[in-house]
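Accompanying notes for the structure given below.
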Amino acid sequence: MQKQLFKELFSLFGLCMGSLLSLILIGRMLQLRELFLGLDLGALDMATLFVYLSPLFLTLIIPIACMLSVFLTFLRMSTDRELIALKAGGLSLFQLLPAPILFCLICGAFNLYISLSGVAWGMGNFRHTIMEIANTRAKIVLQPGVFNQTVPGLTVFARNVDSSSGELGYVMVEDNSRDGTSILILAPSGRLLSDERLGELIFKLHDGKIYRQQQDSVSVLDFSDYTVRLELSQIFKGVTLGKIKPKELSWQDLRSINPSHPMAQKDANFMRKVEVELQKRWVLPMACLVLGLFAMPLACAFQGLEKQFGILLALAMFLVYYTLLSVGLSTGESGTIPPAVGLWMPNLIFLAIGLFWLDRAERERSLNLASYLSHIKLFRKKSAQ
């Protein structure tokens, strides 16, 4: 019995996780359509980027899929009167717990591995791939001997362009983006680079001169090295990365950050976001077990409910959980409530409710809400007549 139950849980889990991940990736594709159009990405590049984004989504999808699997399995068993038959044969609800608990623990361990290692791997490769593609496209855009005005207010000219190394020869950069001020930069050599941490393209110029004209005055400045930084959104429409966020860091990097970290000193909220992320990496894996235990008695309470309504009901319960988790995230980042309290509170609430309902279901004292709802509908029809 346990083996059959275990097999059914995993088959439903694969179906739920695949469906939810596909829906989220399609939605994400619509959000990133400007990025795809801006970089002129092909199908293979898009598929690669989605693979790198998947770990971030899986940390949230796995608890939902785990909850849906347990809920639908026990909803089927209760609707088919299989649970009643098992109880009549002397098998209690508590004796069925090993299979779903082991299933939830495996899902939680998988989610924990993704949270601690997979997310940083995926987001790091996502950022690296975007920067690599943007760097390649920028070299293509920057044709030798052509005045390029892709960036508003900025004109870039290079007599020689090496597309493989990014080396530039006889470079001219004219900046008219500031009102009343014109800056002309001339350099015999330079190089096109990228900064993955800040999500910027960099023109590094050597041994040149800067001519600055402001109203009727002109000033000249010699330099040995000069750097022009451009955000990707200035060159490619819809392409924005910005600085690396705590959610993109690995577990080791998050643990190594302390109040003396440069980012923590620049941004007062950065340290709180790191603390929230540290708690979140453990809260969501633990949610697999909590929501799985919560789903068992919930399925018994809605005995006789059709599957499509059961899925909507389970998703509604997860929405309640996620709302509480979102409150914990926002209050933790604002410093209103400690992250250890705000983020773990939804797990504790759902675990307490799940264990209470489970005990009542074992003693056959839980309400059959599906039957109760059907009686209400029948009463309304009679009243209408």
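Pop out the ³J(HN,Hα) list for segment 4-19 in order, Karplus 6.51 cos²θ - 1.76 cosθ + 1.60 with θ = phi - 60°, rounded to Hz; leave Gly and Pro as x.
Taking θ as phi minus 60°, the curve returns 5, 5, 4, 5, 5, 4, 6, 5, 5, 4, x, 5, 5, 5, x, 5 Hz for segment 4-19.
Let me make sure I get this right: for segment 43-180, a, b and c are the square roots of the gyration tensor eigenvalues over alpha carbons, sorted descending. Under 1.5 in a/c it's rounded, otherwise prolate if a/b > b/c, else oblate. Which is it?
Values: a/c = 5.08, a/b = 4.31, b/c = 1.18.
In terms of gyration-tensor shape, prolate.
Hey, which of these cross-link pairs are over 32 Å Cα-Cα: 243/280; 7/87; 209/245; 204/280; 7/247?
Details: 243/280 20 Å; 7/87 21 Å; 209/245 36 Å; 204/280 39 Å; 7/247 34 Å.
Checking Cα-Cα distances, 209/245; 204/280; 7/247 exceed 32 Å.
Throughout, read-outs are computed from the coordinates displayed, never taken from laboratory work. The model shown is predicted, which means the values in this text are computed figures rather than measured ones.
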